[in-house]
Amino acid sequence: MQSQRLKGKVALVTGAARGIGFGIAEKFVEEGAKVVIADVLEKEGISAAGKLGKAADFYQIDLRSRSAIFQMADKIHEEYGHIDILVNCAGVARPCPTMKLSEEVLDEVIDINMKAPLFTCQAVGKYMRKDGGGSIINISSGNTRMINVGRTPYGITKGAVNLLTQQLGAEWALYNIKVNAIAPGWIRTEMVDRPLRQGILNQDEILSVSPIGRFGKVEEVANLACFLASKESDYIVGQIIFADGGWNTGIMPNALNYIRENDKEEG
């Protein structure tokens, strides 16, 4: 029987039309929550909400607008009466060599990856404070610890998300609002699959620096998000949890071959 750890809770998940965001929304619904999927992608968002049934609604929004974010929070709170969980998952990468980085691209990534989570935390946080608390989960990236070249805007904005998480974790715990972040590693979503297909990324090279030796699954990130959203994690505040199969340990490529060859059981 399903545990229903989030029964009666209302969750807002940005960027949940697909990928990790959708996986988190799906897990929350399984655990008894009502979920609002907030995304700029109308077709995908409607489809995602439809897959999750009556427990999910879709709200189309351009997260580059601060006023639109506050309006969204007001409407959701008015309709549901409370917002208990916020997941800031929307993000863009826009890879390019730093020498060729334009101000337009930089501004777009900053607006979506850095400013939008802050403004959404403000917009939802005021209601959480009024209503007695809640849980905020920011989706960061393993790239904040392990550098992936050609992703300067992505890396620096996700680094800012980590600091935002620690800042708000410290400030808002007294309001019974716990703020934490998940930093996923190589999770098999379209954001990873596309560059793999294009030859931009190499699967063997990626797995050669992974102690666990495989890509992560969306549901593994979703399970962690559900834990952070539930009462089970009430003593965890301001933390950035790396869900990356040990990638951030920084092992050298194919380093585990030495262990495989020299740590065989005797007899």
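The values are calculated or read from the model by the stated rules, or taken from the named source; none is laboratory data. Not measured: the values here are computed from a predicted model. Neighbour counts are summed over all protein chains in view; Cβ atoms, including those assigned to glycine, are modelled from backbone coordinates with ideal geometry. Surface areas here come from the heavy atoms of the whole protein model, side chains and all, with no ligands, DNA or RNA. Shrake-Rupley method; radii C 1.70, N 1.55, O 1.52, S 1.80 Å.
Restricting attention to the range 167-180 and to residues that are among the hydrophobic types (A, V, I, L, M, F, W, C) and assigned to a strand (DSSP E or B), the residue that is surrounded by the most Cβ atoms within 10 Å (Cβ to Cβ) turns out to be 179. For the range 74-94, the set of residues classified as farther than 25 Å from residue 5 by Cα and surrounded by 15 or more Cβ atoms within 10 Å (Cβ to Cβ) consists of 91, 92, 93, 94, listed by residue number.
Here residue 109 does not fit the description of being in contact with a helix residue (DSSP H, G or I) (Cβ under 6 Å, 6 or more places away or on another chain), farther than 28 Å from residue 244 by Cα, in a helix (DSSP H, G or I) and open to solvent by less than 40 Å² (accessible area, probe 1.4 Å). Within the range 17-51, count every residue that is in contact (Cβ under 8 Å) with a residue 60 or more places away in the chain and touching a Gly at 6+ places or on another chain (Cβ under 6 Å). Looking only at that region, the number is 1.
The residue that is farthest from the chain's Cα centre (by Cα), counting only those in the range 45-73 that are more than 25 Å from residue 108 (Cα to Cα) and open to solvent by 50 Å² or more (accessible area, probe 1.4 Å), is 54. Contact map, the range 237-260: first residue over 11 Å from residue 213 (Cβ atoms), second residue surrounded by fewer than 12 Cβ atoms within 10 Å (Cβ to Cβ), Cβ cut-off under 8 Å, separation 6 or more or different chains; pairs are 253/205.
For the range 181-189, the count of residues that are within 23 Å of residue 14 (Cα to Cα), out of contact with any strand residue (DSSP E or B) (no Cβ under 6 Å at 6 or more places or on another chain) and not in a loop (DSSP other than H, G, I, E, B) is zero.
Residue pairs whose Cβ atoms lie under 9 Å apart, separated by 6 or more positions or on different chains, with the first residue in the range 98-118 and over 27 Å from residue 71 (Cβ atoms) and the second in a helix (DSSP H, G or I) and β-branched (Val, Ile, Thr), are 98/152; 101/152. Whether a residue is assigned to a helix (DSSP H, G or I), touching a helix residue (DSSP H, G or I) at 6+ places or on another chain (Cβ under 7 Å) and more than 21 Å from residue 21 (Cα to Cα) was assessed, and residue 164 does not pass this test.
The residues in the range 211-267 that are acidic (Asp, Glu), open to solvent by 40 Å² or more (accessible area, probe 1.4 Å) and part of a loop (DSSP other than H, G, I, E, B) can be counted, and the count is 4.
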